[in-house]
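In what follows, a single structure is set out as structure tokens and then discussed.
The values are calculated or read from the model by the stated rules, or taken from the named source; none is laboratory data. Nothing here was measured: the structure is a model prediction, and the numbers come from that model. Note that each Cβ is placed from the backbone with ideal geometry, even for glycine, and that neighbours are counted across all protein chains shown.
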Amino acid sequence: MTMSDTESTAQDHNAEPYTPNHPTTTIPTTRANTHVDPISIMKAYIDESIRSSTTSIIQSIKQYIDFQLDSNLNKQRQWNEQLQANITNALSQMTQTNIRSSIATHEDISAPKDHAASS
């Protein structure tokens, strides 16, 4: 059913203007559709602007989170490596100290206690 530009019904005045989901950059200019609703065009433009801005912001936030996560994981890995090296060094020193202590104790026990003969 086609209506000419001069025909008007109550439905035309009460109907919400059609807003496309993805606005196009061209405005139809055929004779069948010579009336272009500027409010619909503004709504479509604003919707598209908000949609693209929101997408851009979300992408930026995702990149920031990924960067922070990578940075923190790298710092955590470095800290763990340093901690592991410190623990290894501390255990090594403790082991060497215990070995020296055991050797000294063993030498003291096995050494002859004949001090009177040497005097």
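Can you tell me which residue among 63, 96, 59 is in a helix (DSSP H, G or I), at pLDDT 80 or above and more than 32 Å from the chain's Cα centre (by Cα)?
Numbers: 63 fails: more than 32 Å from the chain's Cα centre (by Cα); 59 fails: more than 32 Å from the chain's Cα centre (by Cα).
Every option except 96 fails the conditions.
Regarding residue 77, is this residue at pLDDT below 95 and at negative phi? Please lay out each step first, then the result.
On the way: at pLDDT below 95: yes; at negative phi: yes.
It is true that residue 77 is at pLDDT below 95 and at negative phi.
Residue 25: surrounded by 10 or more Cβ atoms within 10 Å (Cβ to Cβ), part of a loop (DSSP other than H, G, I, E, B) and either aromatic (Phe, Trp, Tyr) or at pLDDT below 55 (or both), yes or no?
no
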